[in-house]
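Working notes, structure below.
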Amino acid sequence: MDRTERRSPCVVVTGVAGIGKTTVARLLAQRLGVPFADGDDFHSAADIAKMSAGTPLDDTDRRPWLESVGRWLHEHDTAGTGAVVACSALKRRYRDTLLAACPGAFFLHLTASREVLADRLGGRTGHFMPSLLLDSQLATLEPLEPDEPGAELDATPAPDILADLAADLLTRQHH
């Protein structure tokens, strides 16, 4: 690919459970015209059973999951199609695993207060992640550091607004 040719970005929409990652990531992928994946779909049945029982995953559980997400990003980056994936990537080392697979990845970290998150999780149905794991997710969360490729967005506006803001941000970042 010619260096002057614009490549579609590979974006990881991050944040804790209930923040709206999947909804915003899906809308952002539509706006960018790139493939979308939900990081939850990369979890093993054992991981889902563990979380459904209210037990947080540990780093050993998360490693193969993150490597799978990273491979998916790498495949789309190599193909030049770009991609958007919703993936919690709560710790720096998790994001580093994704960057090792896809060095050009951009992290869009969605943030909100604990109260907003608890309210959203309380109203969510049909998801394996119980609201009782919110505190463990918040305790695990390591916000983006200044040297990481990404940006934070307050997740309290409507998902359509967030997707528009994210698309504008990515357009500015990649020009």
Legend entry - Under the Karplus curve 6.51 cos²θ - 1.76 cosθ + 1.60, θ = phi - 60°, whole-Hz ³J(HN,Hα) for the range 63-68, x wherever Gly or Pro sits: 4, x, 5, 5, 5, 5
Legend entry - Stokes-Einstein translational diffusion, the chain - Kirkwood Rh over all Cα pairs, 0.692 mPa s, 37 °C, in µm²/s: 202 µm²/s
Legend entry - Hz values of 3J(HN,Hα) by residue in the range 153-162 - Karplus curve (6.51, -1.76, 1.60), Gly and Pro given as x: 10, 5, 8, 6, x, 4, x, 4, 5, 4
Inset, instruction - Using only Cα atoms, find the angle between the long axis of helix 114-123 and the longest principal axis of the chain, and express it within 0 to 90 degrees, rounded to the nearest 10. - result: 80 degrees
Inset, instruction - Take the Cα atoms of the range 44-90, build their convex hull, and give its volume per residue in Å³. - result: 80 Å³
Legend entry - Phi-based couplings in Hz for the range 47-56 (Karplus 6.51, -1.76, 1.60; Gly and Pro marked x): 5, 5, 5, 5, 5, 4, 7, x, 9, x
Legend entry - Simple Cβ-charge dipole of the chain, Lys/Arg +1 and Asp/Glu -1, about Cα centre, in debye nearest 20: 160 debye
Inset, instruction - Taking 7 Å along the Cα-to-C-beta vector as the label spot, tell me the Asp147-Asp135 distance in nanometres, rounded to one decimal. - result: 3.4 nm
Inset, instruction - Name the residues whose placed amide hydrogens come within less than 5 Å of the amide hydrogen of Val11, ignoring near sequence neighbours (fewer than 5 apart) on the same chain. - result: Ala83, Val84, Val85, Phe106
Inset, instruction - Order these peptides, 95-105, 71-81, 23-33, by their mean beta-carbon neighbour count within 10 angstrom, highest first. - result: 23-33, 95-105, 71-81
Inset, instruction - Would you pull out the residues with amide H under 5 Å of His109's amide H, same chain only if 5 or more places away, H placed 1.01 Å from N? - result: Thr14, Ala151, Glu152, Leu153
Inset, instruction - Subtracting the Cα-Cα distance from 0.36 nm times the residue separation, let me have the gained length for Arg172 to Lys91 in nm, one decimal. - result: 26.6 nm
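No lab work stands behind these numbers, since they all come straight from the coordinates. Because the structure is a prediction, the values reported are computed rather than measured. A quick note on method: Cβ atoms are made from the backbone with ideal geometry, for glycine too, and the neighbour counts reach across all protein chains shown.
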